[in-house]
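The values are calculated or read from the model by the stated rules, or taken from the named source; none is laboratory data. From a predicted model like this one, the values you see are computed outputs, not experimental measurements. A quick note on method: Cβ atoms are made from the backbone with ideal geometry, for glycine too, and the neighbour counts reach across all protein chains shown. Please note that ligands, DNA and RNA were not included when accessible areas were found on the heavy atoms of the full protein model with its side chains. Shrake-Rupley method; radii C 1.70, N 1.55, O 1.52, S 1.80 Å.
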Amino acid sequence: MIIGGGIAGLQAAIQLGRYERAVTVIDEGSGRSTLCRQYRNLLGWPDGISGRELREAGRKHASHYDVDFIDKKVTRLAKEPSGFQAQTEDGGTYRGKKLILATGVTDANPFPELEPCFGLSVYICPDCDGYEIKDKRSLVLGSGRAGVRMALDLVSWTDQLMYVNHGGQSPVTAEEKKQLSEAGIGLYEGMVERVHMEGSQFAGVTLGDGTALQAEKAFIAFPGNVVHSELGKQIGVERLENHHVLNDSRTKMTNIPGVWAAGDIAVHSEQVTIAMGEGAQAAVWVQRSLMQEEP
């Protein structure tokens, strides 16, 4: 049983399906990969592919191996003598001898109106998409230290970078202001009253004091991302203070025998390629675990 049908969960399902295992994926249909309009750092896709297209292709691929998909939200998880039981919000129950958690992360974003721009002109991962702002006038919309770190990570890509510390609830320290100034990053502190966009093209923001900042690209950097590890907690899976799941770097197994974790729920890498690798890696070790238990 795999809970989470994003990139890591789908790759795990494909690998386990190829082992001719009976696989059920339970997915509520949300997550980072449903929002990103274009991934451009994937092998074989130089012109990019959207998260939804990638998910659809993954489902179609998995269906070749008779993987079952349940489009529901799991609300409760329990350990049983024979494995694990998941209960969905409509009262349905599903069981699996082994379990992979691939429920991911939801990014803190006070500007949901920007979602049509995600992956096209607004981004969240500097390692994935720093290249996209090369030599372009760009904003970091963030809060406090999270935004400062993002801006400093991106400064090598453009000398036209500005950081908007939205809301002012997390003030920028004197030392951070010095770092931003030395890096040539303009700092604006205040509420973003309005974001400007034309379709999927970001255009800038207007602050509460009337200041208008024009830009071609933007990054979002707010603290408070939600790590969807609550189900793991219900069965005793060990978590860090930030709620990311601890797993073995080689096998991806958690501290609970028979439970693996793959993708952003664990490493928070934000990389599709790493999520794929972790999904496949977890599946390989699920297979080895099953083989050890069989005659």
Scanning segment 20-29 for residues that are buried (at least 16 other Cβ atoms within 10 Å of the Cβ) and either in a loop (DSSP other than H, G, I, E, B) or in contact with a Ser or Thr (Cβ under 6 Å, 6 or more places away or on another chain) (or both) gives Arg21, Val23, Asp27, Glu28
Within the bounds of segment 234-247, is there any residue that is buried (at least 17 other Cβ atoms within 10 Å of the Cβ), outside the structural domain of Asp127 (by the TED database) and in contact with a His (Cβ under 7 Å, 6 or more places away or on another chain)?
-> yes
Meets criteria (farther than 21 Å from Gln281 by Cα, without any contact (Cβ under 8 Å) to a residue 24 or more places away in the chain, in contact with a Lys or Arg (Cβ under 6 Å, 6 or more places away or on another chain) and of a type outside the set (S, T, N, Q)) for Glu28 = no
Gly224 versus (1) surrounded by 13 or more Cβ atoms within 10 Å (Cβ to Cβ); (2) assigned to a loop (DSSP other than H, G, I, E, B): which is the lone unmet condition?
-> (1)
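Out of all the residues in segment 6-18, which are out of contact with any Leu (no Cβ under 8 Å at 6 or more places or on another chain) and farther than 12 Å from Leu101 by Cβ?
First pass over segment 6-18, keeping only residues out of contact with any Leu (no Cβ under 8 Å at 6 or more places or on another chain): 6, 8-18.
Scanning segment 6-18 gives Leu10, Gln11, Ala13, Ile14, Gln15, Leu16, Gly17, Arg18.
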Members of segment 60-94 that are open to solvent by 40 Å² or more (accessible area, probe 1.4 Å), under 29 Å from Glu293 (Cβ atoms) and outside any strand (DSSP E or B) | His61, Ser63, His64, Tyr65, Asp66, Lys72, Pro81, Ser82
Those residues of segment 144-161 that are over 19 Å from Val192 (Cα atoms) and either open to solvent by less than 60 Å² (accessible area, probe 1.4 Å) or β-branched (Val, Ile, Thr) (or both) come to a total of 4
Cβ pairs under 9 Å, 6+ apart, first in segment 271-295 and without any contact (Cβ under 8 Å) to a residue 60 or more places away in the chain and closer than 18 Å to Ile3 by Cβ, second of a type in the set (Val, Ile, Thr) and surrounded by fewer than 17 Cβ atoms within 10 Å (Cβ to Cβ) | Gln281/Thr251; Trp285/Thr251
Do we find a residue being touching a strand residue (DSSP E or B) at 6+ places or on another chain (Cβ under 6 Å) and either under 27 Å from Val148 (Cβ atoms) or surrounded by fewer than 17 Cβ atoms within 10 Å (Cβ to Cβ) (or both) anywhere in segment 273-293?
-> no
Kindly check whether there is at least one residue in segment 125-139 that is under 30 Å from Val74 (Cα atoms), part of a loop (DSSP other than H, G, I, E, B) and not assigned by the TED database to the domain that holds Lys72.
-> yes
List the number of the failed condition for Lys252; all other conditions in (1) under 22 Å from Leu99 (Cα atoms); (2) surrounded by fewer than 16 Cβ atoms within 10 Å (Cβ to Cβ) hold.
-> (2)
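Let me confirm something: among Leu141, Leu99, Leu120, which residue is out of contact with any helix residue (DSSP H, G or I) (no Cβ under 8 Å at 6 or more places or on another chain) and either basic (Lys, Arg) or open to solvent by less than 10 Å² (accessible area, probe 1.4 Å) (or both)? Give the steps one after another, and end with the answer.
On the way: Leu141 fails: out of contact with any helix residue (DSSP H, G or I) (no Cβ under 8 Å at 6 or more places or on another chain); Leu120 fails: either basic (Lys, Arg) or open to solvent by less than 10 Å² (accessible area, probe 1.4 Å) (or both).
Result: Leu99 is the single residue among Leu141, Leu99, Leu120 that is out of contact with any helix residue (DSSP H, G or I) (no Cβ under 8 Å at 6 or more places or on another chain) and either basic (Lys, Arg) or open to solvent by less than 10 Å² (accessible area, probe 1.4 Å) (or both).
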Check on Ile49, among the β-branched types (Val, Ile, Thr), touching a residue at least 24 places away in the same chain (Cβ under 8 Å) and surrounded by 15 or more Cβ atoms within 10 Å (Cβ to Cβ) | no
Condition check for Lys178: loosely packed, with under 15 Cβ neighbours inside 10 Å and either of a type outside the set (Val, Ile, Thr) or not assigned by the TED database to the domain that holds Trp157 (or both) = yes
